[in-house]
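Notes follow the structure.
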Amino acid sequence: MGTAPSIPFAAIVEQLRLAVVVFRSGRVQYVNQAARELVERLRSEYGTELLVILRDHLAKLRSLSEESSAAVTLLTAGSGESFYVHVMMPGGEEGDLAVSVRELGVERDAFRHRYRLSNREAQVVELVLRGHGNVAIAATLGVSVGTVKKHLTHIFDKIGVDSRTQLISRLA
């Protein structure tokens, strides 16, 4: 491998669909678009502050393992939603940490396109994968329980499963 080409690194990181956050001495220095969207979604849906959770998580990691330059952990937010958190110490300034956050399960757009689901069906699947029942899904989406059941019937047919358990097994 030769020398690194002169590329706009920040522009590349900004376009990633993976949430990336950079900390310096415990303070947020950079948040890419995917991370901003994740932060906003968790704040609006659950009142959860992802950056605060990450800061606390990093403090625990640092106290557990000073010798490691990278770690991957599973973090569960107060909402019950789980994430893989990959922490790297990229060098440079002491105390710099780059953190990527990936949600468990599948991405809505990916399974929507693969199984030709409507946007609403993809929303239903996402809520099923997060463990919500029909009543909770109906309340979240502002529809009747009967409508949720109808969506699930269409989803099961399109994906080729017979139950929620099979759906979760296929997509998670």
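Taken together, the values in this text are just the output of simple stated rules run on the coordinates, not laboratory data. What you are looking at is a predicted structure, and each value in this text was computed from that prediction instead of being measured. So basically every Cβ, Gly included, is an ideal-geometry build from the backbone, and we count neighbours across all protein chains shown.
How far apart, in nm, are two points set 7 Å out from the Cα along the Cα-to-Cβ line at Arg43 and at Thr140?
Result for the modelled spin labels: 2.1 nm.
Provide Glu121, Glu37 in ascending order of the number of other Cβ atoms located within 10 Å of each residue's Cβ, fewest first. Each step should come with its number before you reach the end.
On the way: Glu121 19, Glu37 13.
In order of increasing Cβ crowding within 10 Å: Glu37, Glu121.
Taking the Cα centre as origin and putting +1 on Lys and Arg beta-carbons and -1 on Asp and Glu beta-carbons, what dipole magnitude results for the stretch 118-169, to the nearest 20 debye? Don't skip to the end; give the middle numbers.
Details: 6 positive and 4 negative charges, 19 e Å.
Computed charge dipole of the stretch 118-169: roughly 100 debye.
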